[in-house]
Each structure stands twice: as structure tokens, then as C-alpha cells.
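Values in this text are rule-based calculations from the coordinates and carry no lab data. Quick caveat: nothing in here was measured; it's all calculated off a predicted structure. Quick reminder, even Gly has a Cβ in these numbers, built from the backbone with ideal geometry, and neighbours come from all protein chains shown.
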Amino acid sequence: MEFYHLRSFVVVAKTGNLTAAAKQLCTTPPAISAHIKSLEEELKTPLFERSSKGMALTEKGKLLLPKAEKTLDSAIDMVNLAVENQSEIIGEFKLSINQSPNLLKLPLLLENITENCQGIHLNIETLSTGAALAALQSNVIDGAYIYGDVPNELFALPIKQQKITTIAPTTTLLTHESLITDLAQAPWITMGKYCPFDDKLKSTLKQFTTANINTSSDETRLQLVKAGHGLSFLEYDEAQEAENLQYVKRLVQLDFEIPLFFAINKNRSDEPVIKAVLQEIKILWNIKQ
């Protein structure tokens, strides 16, 4: 049984699609299809039901998937323990971001990992700080950009001080001279769950009671503000760009700065894949520690 056959099986099972799996594994759909076919022939059982909607696991495939994942993880651990060179490390790194990819230099990080750690595949999603902290603590993700205080069970690298500002619809009568009490009476679009942005809002606007919409997505909040649904906090750089495009207007009364960190679970700091990505983060942000 080939290592890459198992990896193709697991990725197709998770994506349900040959094209998506091929993209994630940096190969072609026919190659992935051949891997699955070889594995099915070796196991003498069909693993997927093919249809126009994609690839769905058969009942036998569902039974074999956890065992395949366990076997694959063990093989990867063995390879990673044996290697001395970062470029030879194999594995997936689940990364959570909380800003736009450009603000987090994500394109450059991807280029560096592709060049220096060819065996590491990034799986990227957007989570608020609260959701990211919970996911890190439960090992659902491997690393995350977070705002504010860092729990003791996490190890964090300081990335930068991020300026946060308020964005408002261009049609609002609110201005830079408006009173904070006026801002408190306006509808707000908040992050929801736990977020330092929301804590700052509630502590500053003592009479704040109106939050009709919650979303952790910066882009969604920007579009909702643009459509006139309320005010929201946004990273200064994004807000300034949106204001220049006349999508929104900025209000400066509540501007503040908050530290941005890159965090991992301390209990996993010796894992080869996490160590390799952490090193790339340090290089990316010129962190000496």
C-alpha cells in the first residue's frame, strides 16, 4: 500500500471532489483518480460512489477512513521525526486568519513555505479571536492570528500593533465632531462570540445596546456598512482604502490600537510541522525570539 494512495483517499474523502483534492495535493485529477483506483483494487472494495455532484464515501469507505487517517498520521510522524531538514517535513497546517490576506502578508508566507517547506500544505480559514482561541485549545487548528490577551496554554509571537477605526455608511449624518453618545445610539455590526473589538465597544460606549448583526468576517462587515446597516470596527488600513473608494466614511472618535499575535498550542510546540511554520512566521515578520 502506497503512502500517497492513502493521502489521496483521505483528501478526496474530505473534499468530496477530485479537482479540489488535486489542487490541495499539487497534482492533477487523473493522478488522484488513479491513486483511488489502485487503492480500491488493492483493498478489493469500492471506496467512493462517483456522481455528477462529486465523490461520496461508500459505507466501507466510511469505515476505513478513520483507520487511513490514523495510518497516515503515524507515517507522517515517523518521516518527520527522521528528517533533519525543514524542506523534507510533510504534513498539513490548519491556519486561522483574522485580517485580509494582504495585511497578514499571506501571499509571501505561501511563497516561502512553497520554497522552503514543500511538504507542508496550508489549510486556511477565517475565524474571530474567540473562535480561534477555542479551536487552538481543542487542537482543531494548528496556528492562528489573534488579538488581545494570550491565554497561558498558548505560545504567541507578537506581530504588530494594529490600529482599529470606525467605519460608517456614507449616508450617515455622523461626523468626526459627533459625540460618543451619538455613536452609541447608532446600530452597530459586531463580531459576535468573544472578540476584543466588542469588549472595547461595550466599555467605551456605556449606553451601547444595539447590535442587530454579528459577523467575524471583515469583508462582510464592510459590505454591510457600505449598504447602510450600521457602524462597525475595522482595521485602519482596510477602512482607509474603503473610504478612498467612497464605500464608507471613517469616524475617529473610538480609534484604538490592539496587539496582534500569532499563536499555537504550547503542548504542540515540538511538532515538526508546527515548528517549521513557526520559523517561517518569524522570518516573515522579522521576529528574533
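Here the dipole of the chain is about 520 debye; that uses its Cα centre as origin and unit charges on the Cβ of Lys and Arg (positive) and Asp and Glu (negative).
With only Lys, Arg, Asp and Glu charged, each at its Cβ (+1 for the first two, -1 for the last two), find how big the charge dipole of the range 161-257 is about the Cα centre; round to the nearest 20 debye.
Values: 9 positive and 13 negative charges, 70 e Å.
Here the size comes out at about 340 debye.
Among Ala68, Ala31, Leu43, which residue has its Cα furthest toward the positive end of the charge dipole of the range 3-82, with +1 on Lys/Arg Cβ and -1 on Asp/Glu Cβ? Final value for the positive-end residue is Ala31. What share of Cα pairs, in percent, lie more than 23 angstrom apart in the range 84-195? For the range 84-195, the share of Cα pairs beyond 23 Å comes to 47 percent. Most tightly packed first, judged by the mean number of other beta-carbon atoms within 10 Å of their residues, the peptides 95-105, 109-119 read 95-105, 109-119. Of all DSSP bridge pairs formed entirely within the chain, close to 65 percent run antiparallel. Give me log10 I(q)/I(0) at q = 0.12, 0.13 Å⁻¹ for the range 220-289, Debye formula, one equal scatterer per alpha-carbon, no solvent. Each listed q corresponds, in turn, to -0.56, -0.61. The rule of thumb for compact globular proteins, 2.2 N^0.38 Å, goes into the C-alpha radius of gyration of the range 3-82 1.06 times. Sequence-ordered 3J(HN,Hα) estimates for the range 245-250 from the Karplus curve with 6.51, -1.76 and 1.60 and θ = phi - 60° stand at 7, 6, 7, 9, 10, 8 Hz, glycine and proline given as x. Counting other Cβ atoms within 10 Å as a rough exposure proxy, the listed residues Arg268, Arg50, Arg221 run Arg50, Arg268, Arg221 from fewest neighbours to most. A straight Cα-to-Cα reach below 30 Å connects Lys60 with the lysines Lys14, Lys23, Lys37, Lys44, Lys70, Lys94, residues fewer than 8 places away in its own chain not being considered. In plain terms, the residue of Lys44, Lys206 with the fewest other Cβ atoms within 10 Å comes first and the most crowded comes last, giving Lys44, Lys206. Close amide H contacts of Ile189 (hydrogens built in the peptide plane, cut-off under 5 Å, sequence separation of 5 or more or a different chain): Leu231, Ser232.
Mean sequence separation of contacting Cα pairs (under 8 Å, at least six apart), scaled by the length of the chain, corresponds to a relative contact order of 20 percent. Straight-line cross-link reach from Lys282 at under 15 Å between alpha-carbon atoms covers these aspartates and glutamates, not counting any fewer than eight positions away in the same chain: Glu111.
Over all distinct alpha-carbon pairs, what is the Kirkwood Rh of the range 132-228 in angstrom? 15.5 Å is the Kirkwood radius here. Along the range 182-189 the Karplus relation, 6.51 cos²θ - 1.76 cosθ + 1.60 evaluated at θ = phi - 60°, assigns HN-Hα couplings of 5, 5, 5, 7, 7, x, 10, 10 Hz to successive residues, with x for each Gly and Pro. Farthest towards the positive end of the charge dipole of the chain, among the residues Leu104, Tyr247, Val277, is the Cα of Tyr247, using unit charges on the Cβ of Lys, Arg, Asp and Glu. Summarising the label geometry, the points placed 7 Å from Cα in the beta-carbon direction at Ala31 and Glu241 lie 3.3 nm from one another. Close amide H contacts of Ile124 (hydrogens built in the peptide plane, cut-off under 5 Å, sequence separation of 5 or more or a different chain): Leu95.
Footprinting exposure proxy ranking of Phe233, Phe261, Phe93, fewest other C-beta atoms within 10 angstrom first, gives Phe261, Phe93, Phe233. For the peptides 196-202, 4-10, the ranking by mean Cβ contacts within 10 Å, running from highest to lowest, is 4-10, 196-202.
Taking 2.2 N^0.38 Å as the expected size of a compact globular protein, what ratio does the Cα radius of gyration of the range 138-289 give against it, to two decimals? Intermediate results must be reported in sequence, preceding the final value.
Numbers: Rg = 17.6 Å, N = 152, 2.2 N^0.38 = 14.8 Å.
The value comes to 1.19.
Can you give the net charge of the other residues whose Cβ lies under 13 Å from the Cβ of Leu106, counting K and R as +1 and D and E as -1? That sum, taken over residues with Cβ under 13 Å, equals -2.
With the Kirkwood sum run over all distinct C-alpha pairs, the chain has a hydrodynamic radius of 21.5 Å.
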